[in-house]
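The values are calculated or read from the model by the stated rules, or taken from the named source; none is laboratory data. Quantities reported herein were computed from a predicted structural model and do not represent experimental measurements. Here Cβ is always computed from backbone atoms with ideal geometry, including for glycine, and neighbour counts include all displayed protein chains. Heavy atoms of the whole protein, side chains included, go into the accessibility calculation; ligands, DNA and RNA do not. Shrake-Rupley method; radii C 1.70, N 1.55, O 1.52, S 1.80 Å.
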Amino acid sequence: MSIADDPDRAPARSHLYAMGMSEEEMRRPAVGIATTWTGTMPCNLTHRELAAHVAEGVRAAGGTPMEFNTIAVSDNLTMNTPGMRTSLVSREVIADSIELMGLAHGFDALVAIVGCDKTVPAAIMALARLDVPSVVLYSGSMMPGRWRGRDVTIQDMWEALGERAVGRLDQAELDDLAKHACPGAGTCAAQYTANTMGGVADFLGLAPFGVGDVPAVAADKNAAARRVGEIAMEALARDARPSRVLTADALHNAIVSVAAMGGSTNAVLHLLAIAREANLPLEIDEIGEVCRRVPIITGLKPSGGDYTALDLWRAGGTSLVARRLLEAGLLRENVTLVDGRTLAEVAADAEETPGQQVVRTAAEPFKRRGALAILRGSLAPDGCVLKLGGKADFRHEGPARVYDSEAACTAAIDAGLIVPGDVIVVRYEGPAGGPGMREMLSITGPLVGRGLGDTVALVTDGRFSGVSHGLVIGHVAPEAYHGGPIALVRDGDTVIVDSAAGTLDLVVPEAELAERRAAWRRPERAVERGVLSKYVITVGSASDGAVTI
Ligand code: FES
């Protein structure tokens, strides 16, 4: 019985009247519209406007929209600050807050408007828990900036720090680049984490293909948002709930999309977390297997080439990627898409711009090997993630340079203490140890900027920005805080990375390791109260997606 007709719900009706709602509107399906708007970053700046257009679409299709907001944390603004600890934690808070609102209000359907990195997996996790017909609206990428005649993104900003350090740029040039790198609202402008996860939402079937590609400030975005409101009502009519959309085959397709588009290492964490929320079995090695056989077919920064998200949209977007992957037999077709189309229809609808250079075929890809590899070995018994970035397989053997925090490592790089051949080990930066598994962009950016990106390996139980590249291995599990082997490494120990063999090994005799293990003591926790303290207690291993359930 609706609120309008239940005699005992008169007190609830009084509050809906207070918002200007009619009884007829109370009888219509209630569609929750979750936005992750905050005024603290460009990434999600358009969400309130988009929510208004989604609401229009819901109303036009016979529903009653009800908007609500969650938090969001910018990775870029918090990078290399204590605030970076909050980024991955925010994924859990956003998921929990959307879930709570859904449980509280009993929405008949939901639209989640997402943008910045953690907001995308967070919303999908919440929608999987609530399991009412749901649509994800990815708010879209930022336009690239222009500087000295070339397209630039936030990646150029971070690498410019390293160039300044070695005297290739001065401070005035760095400041000038900062004024041009990010020209307006939207998510970081190439295949970094946010756009990777936007693609995941498409290939999971939860976001309509062709909507997320549209850049945040493009004129077509508001109309696309209105259409998403209508799709939510259609999904309600078809009972297209996440348990029917987010299937094992859809998850497989999403993993393929990450590999084929040269996606971010963070996608590994998020795919594992989404799988757990959807009760789907997924082991970290399965992601590695897909990445081993699926080539990178888009020429997007940072792994495939030099193109930006704007270029992908102009070329034909993720629909065109779907067409190419279907042609190569790399996708599973027995999936339900939230807008009712089949994958074959999406592929047929794709509008390829004649002469486009951004999306290739699987037979003639940009890179033969996917962007990621999963390694295991004596240094990472539960697995870790190598950001291969489309490089050929490689073997790197070198002496460990061990740092117990990101800041200590950054200082060593600045002091010129890192030399070609080294293996930097940064630990106590894992999900519980950090806490929050900080992104190591303040290390990888300067390494690349100093010309050490191909000769120095970085091994950490922390994680990486989608912008990061180089010989980088993160998500090492078990993490140092829980006494994983990474806690036992000492300066000068030999570490071997072998991507072809899929191994990461510490070359220290077992007897010596046993002595070190016996002497090891867990360090004092960095935080003792508040949300981060709760997170330390509840968060699981990175190899399980660092979820808090
Ligand atoms: Fe928000 Fe990059 S920091 S998308």
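Among the residues of segment 42-82, the ones that are at pLDDT 95 or above, within 30 Å of Met437 (Cα to Cα) and of a type in the set (Ser, Thr, Tyr) come to 3 in all. Among the criteria (1) over 16 Å from the mean Cα position of the chain (by Cα); (2) buried (at least 18 other Cβ atoms within 10 Å of the Cβ); (3) of a type in the set (Ser, Thr, Tyr), the one Ser74 does not fulfil is (1).
Looking only at residues that are over 25 Å from the mean Cα position of the chain (by Cα) and touching a residue at least 60 places away in the same chain (Cβ under 8 Å) in segment 97-106, which one is surrounded by the most Cβ atoms within 10 Å (Cβ to Cβ)?
The initial filter retains those residues of segment 97-106 that are over 25 Å from the mean Cα position of the chain (by Cα), namely 103-106.
Of the ones still in play, those that are also touching a residue at least 60 places away in the same chain (Cβ under 8 Å) are 105-106.
On the way: His105: 13, Gly106: 11.
Step by step, filter segment 97-106, then rank; the result is His105.
Of everything in segment 373-391 that is in a loop (DSSP other than H, G, I, E, B) and surrounded by 23 or more Cβ atoms within 10 Å (Cβ to Cβ), the residue that is modelled with the lowest pLDDT is Leu388.
If I ask for residues that are assigned to a loop (DSSP other than H, G, I, E, B), at negative phi and not β-branched (Val, Ile, Thr), which ones from segment 66-109 would you list? Steps first, answer last, please.
In the first step, residues of segment 66-109 are kept if they are assigned to a loop (DSSP other than H, G, I, E, B); the result is 70-74, 79-81, 106-108.
This time we only want the ones that are at negative phi, so: 70-74, 79, 81, 107-108.
Of everything in segment 66-109, those that are assigned to a loop (DSSP other than H, G, I, E, B), at negative phi and not β-branched (Val, Ile, Thr) turn out to be Ala72, Ser74, Met79, Phe107, Asp108.
The condition of being closer than 22 Å to Ser468 by Cβ, touching a Ser or Thr at 6+ places or on another chain (Cβ under 9 Å) and charged (D, E, K, R) holds for only one of Asp151, Asp156, that being Asp151.
Being within 16 Å of the ligand (Cβ to nearest atom), under 22 Å from Val54 (Cα atoms) and either within 14 Å of the chain's Cα centre (by Cα) or not hydrophobic (A, V, I, L, M, F, W, C) (or both): is that true of Asn195 here?
Values: within 16 Å of the ligand (Cβ to nearest atom): yes; under 22 Å from Val54 (Cα atoms): yes; either within 14 Å of the chain's Cα centre (by Cα) or not hydrophobic (A, V, I, L, M, F, W, C) (or both): yes.
So Asn195 passes the test.
Quick check on segment 408-430. Is at least one of its residues of a type in the set (S, T, N, Q) and either on the phi > 0 side of the Ramachandran plot or touching a strand residue (DSSP E or B) at 6+ places or on another chain (Cβ under 8 Å) (or both)? No: segment 408-430 contains no residue that is of a type in the set (S, T, N, Q) and either on the phi > 0 side of the Ramachandran plot or touching a strand residue (DSSP E or B) at 6+ places or on another chain (Cβ under 8 Å) (or both). Here the strands (runs of 3 or more DSSP E) wholly within segment 128-193 that include at least 1 residues being of a type in the set (Phe, Trp, Tyr) and open to solvent by less than 30 Å² (accessible area, probe 1.4 Å) are 134-138, 145-147. Residues that are surrounded by fewer than 19 Cβ atoms within 10 Å (Cβ to Cβ) and at pLDDT 95 or above within segment 83-96 comprise just one, Asp96. Beta carbons closer than 6 Å, at least 6 apart along the sequence or on distinct chains, pair a first residue in segment 39-62 that is free of Cβ contacts under 8 Å to residues at least 40 places away in the same chain and within 10 Å of Ile113 (Cβ to Cβ) with a second that is open to solvent by 10 Å² or more (accessible area, probe 1.4 Å) and within 15 Å of the ligand (Cβ to nearest atom) for Arg48/Trp37.
Selection over segment 31-60 of residues that are crowded, with 20+ Cβ neighbours inside 10 Å and either within 16 Å of the ligand (Cβ to nearest atom) or not in a helix (DSSP H, G or I) (or both) gives a count of 14. Here is the figure for segment 392-414: residues that are of a type in the set (A, V, I, L, M) and in a strand (DSSP E or B) total 2. Considering the conditions (1) in a loop (DSSP other than H, G, I, E, B); (2) under 27 Å from the mean Cα position of the chain (by Cα); (3) touching a residue at least 40 places away in the same chain (Cβ under 8 Å), Asp491 is excluded by exactly one of them, (2). Looking across segment 209-243, the residues that are of a type outside the set (A, V, I, L, M, F, W, C), touching a helix residue (DSSP H, G or I) at 6+ places or on another chain (Cβ under 7 Å) and open to solvent by 20 Å² or more (accessible area, probe 1.4 Å) come down to Gly210, Asp213, Asn222, Arg226, Arg227, Glu230. Would it be correct to say that Gly470 is modelled with pLDDT under 95, away from the ligand (no atom under 16 Å from the Cβ) and touching a helix residue (DSSP H, G or I) at 6+ places or on another chain (Cβ under 8 Å)? For Gly470, the condition - modelled with pLDDT under 95, away from the ligand (no atom under 16 Å from the Cβ) and touching a helix residue (DSSP H, G or I) at 6+ places or on another chain (Cβ under 8 Å) - is met.
Condition first: surrounded by 24 or more Cβ atoms within 10 Å (Cβ to Cβ) and part of a helix (DSSP H, G or I). Now tell me which residues in segment 285-318 satisfy that. Listed by number, the residues that qualify are Ile287, Cys291, Ala309, Leu312, Gly317, Thr318.
In segment 159-178, the count of residues that are closer than 20 Å to Ala219 by Cα and within 15 Å of the ligand (Cβ to nearest atom) is zero. Looking across segment 1-18, just one residue is exposed (fewer than 11 other Cβ atoms within 10 Å of the Cβ) and assigned to a loop (DSSP other than H, G, I, E, B), and that is Met1.
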